[in-house]
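Worksheet: one structure, shown below.
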Amino acid sequence: MFYSTVTDREDMFCPVDGSIMITASHLPYNRNGFKFFTSSGGLGKADISNILSRAADIYARLSNESVQASADSSSIKKVPFMDEYASSLVEAVRKGAGGLERPLEGFHIIVDAGNGAGGFFLGKVLVPLGASTSGSQFLEPDGMFPNHIPNPEDKEAMAAVKKAVLDNGADLGIIFDTDVDRAAAVDSNGNEMNRNGLIALIAAIILAEHPGTTIVTDSVTSDGLTDFIENKLGGKHHRFKRGYKNVIDEGIRLNSVGQECHLAIETSGHGALKENLWLDDGAYLMVKLLIKMAAAKAAGEGIGSKVLTDLIQDLQEAEVSAEIRLKIDQNHSDLGSGSFRDYGERILKHLESVTDSDPNLKKAPVNYEGVRVSAHGGWFLLRLSLHDPVLPLNIEGPSKAAVQKIAGVVHSVVKDYKALDLKALEKYL
Ligand SMILES: O=P(O)(O)OC[C@H]1O[C@H](O)[C@H](O)[C@@H](O)[C@@H]1O
């Protein structure tokens, strides 16, 4: 939708002043919402609240006649804008591969759209570029998600695309979330390139194009990723907050204060590039991978996804990682008169003071969200969820025993907070 605000196509009435997308993303079908775009990008909370309250105001004053008049469909024009968008992706790959018409000829690439909106990528992008796509799956949109949830962070979803790649002997698997603002990939050996792996991969591509640039990520990224970006790729890792909008806005802000940044990306798979007008567009992220593969083939380096796998071979991933979501019971008397946010903040403050007084716990020197600590050869981050009454806890460690010890550290600090549901954490003790 965003591209309709920046595309010059008079026959399609573009550029439009604004566009609206209705989507529940990977959430259940009854949790639809609106995304609003102008040529400056996706709108944030303040603008959206403003629009909604003005809309409510107008609606309250509507007469029956004006409702009928607004239903007059003669002023509504339908245009096949998806074709325009998809062909811009096709052109980007052709250009990146030196102008070849069918630069993916000989590649076997599988798409798993998880019954979201990403099925178009097969017929409108991969096929015109010459790729074979047999074994692709779940291409028909169905908001009940009968196969798996379209979410590149979801284990079942990643297992499904991995299986399809291995069963079909494909070169690459691509998975999108429902509304295609997120994506991930699987190489020909079934290695998952999502979360830290996807960030590392896109960072490697971007840092080759813009040496030394800053990569903004969300807060739950690994220490191994920082090491990879800074020591292997020569970039700067700016680990910021969770939330794709936070990450993107931070990338834009850094540029505005003179710190060059070309990529802002979350472990969730939302990734935005400066060259793509800072839109978190999962299809464009995948286009960057396709260009890399097509260019390698054009340079005589053969077919396959090895060129991608090789880019991240030095990324050290932790042996064990876990995300444990601790629910706060909002009705519990332990909250007193405060909100769940106040309660969560209280817990984080307590955790911080315990960390400060324990020489075995090392607080991250720079941290923008929650409490991030190195301990027992690994690390943990406890923070407040962006939307829910939950304290998500991320832990990574070199072994199960280390993760257990780290979980124990957190447990000993939070165990007396009666409104916190510790069942999920206790499984790790
Ligand atoms: O804070 P959490 O509960 O983990 O949720 C955080 C997530 O919320 C939404 O899904 C946003 O789209 C993501 O960008 C964000 O990462």
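Here, each number is a calculation from the coordinates, and none is a lab measurement. What you see is a predicted model; the values in this text were computed from it and never measured. Using ideal geometry, Cβ is built from the backbone for each residue, glycine included, and neighbour counts are taken over all protein chains shown.
What number of residues within segment 349-389 satisfy the criterion of being buried (at least 19 other Cβ atoms within 10 Å of the Cβ), within 16 Å of the ligand (Cβ to nearest atom) and among the hydrophobic types (A, V, I, L, M, F, W, C)?
5
Within segment 155-197, count every residue that is of a type in the set (Gly, Ala, Ser), surrounded by 24 or more Cβ atoms within 10 Å (Cβ to Cβ) and more than 18 Å from the chain's Cα centre (by Cα).
Number of matching residues: 1.
Restricting attention to segment 244-272, and to residues there that are β-branched (Val, Ile, Thr) and more than 14 Å from ILE229 (Cβ to Cβ), which single residue is nearest to the ligand (Cβ to nearest atom)?
Restricting to residues being β-branched (Val, Ile, Thr) and more than 14 Å from ILE229 (Cβ to Cβ), the top hit is VAL247.
Starting from residues that are among the hydroxyl-bearing types (Ser, Thr, Tyr) and more than 20 Å from PHE340 (Cα to Cα), keep the ones in segment 405-429 and report whichever is nearest to the chain's Cα centre (by Cα).
Looking at the filtered set, the residue picked out is TYR428.
Conditions first: (1) under 26 Å from LEU273 (Cβ atoms); (2) in contact with an Asp or Glu (Cβ under 8 Å, 6 or more places away or on another chain). GLU153 passes all but one, so which condition is the exception?
Result: GLU153 passes all but (2).
Name the pairs whose Cβ atoms lie under 9 Å apart, with the first residue in segment 321-336 and within 16 Å of the ligand (Cβ to nearest atom), the second among the hydroxyl-bearing types (Ser, Thr, Tyr) and part of a helix (DSSP H, G or I), and 6 or more positions between them or separate chains?
ILE328/TYR343; GLN330/TYR343
What is the residue count in segment 71-104 for residues that are part of a helix (DSSP H, G or I), aliphatic (A, V, I, L, M) and farther than 20 Å from VAL16 by Cβ?
So the answer is 3.
Return the residue satisfying two criteria in turn: it lies in segment 224-243 and is under 24 Å from ILE175 (Cβ atoms) and surrounded by fewer than 21 Cβ atoms within 10 Å (Cβ to Cβ), and of such residues it is nearest to the ligand (Cβ to nearest atom).
Within segment 224-243, the match that is nearest to the ligand (Cβ to nearest atom) is GLY243.
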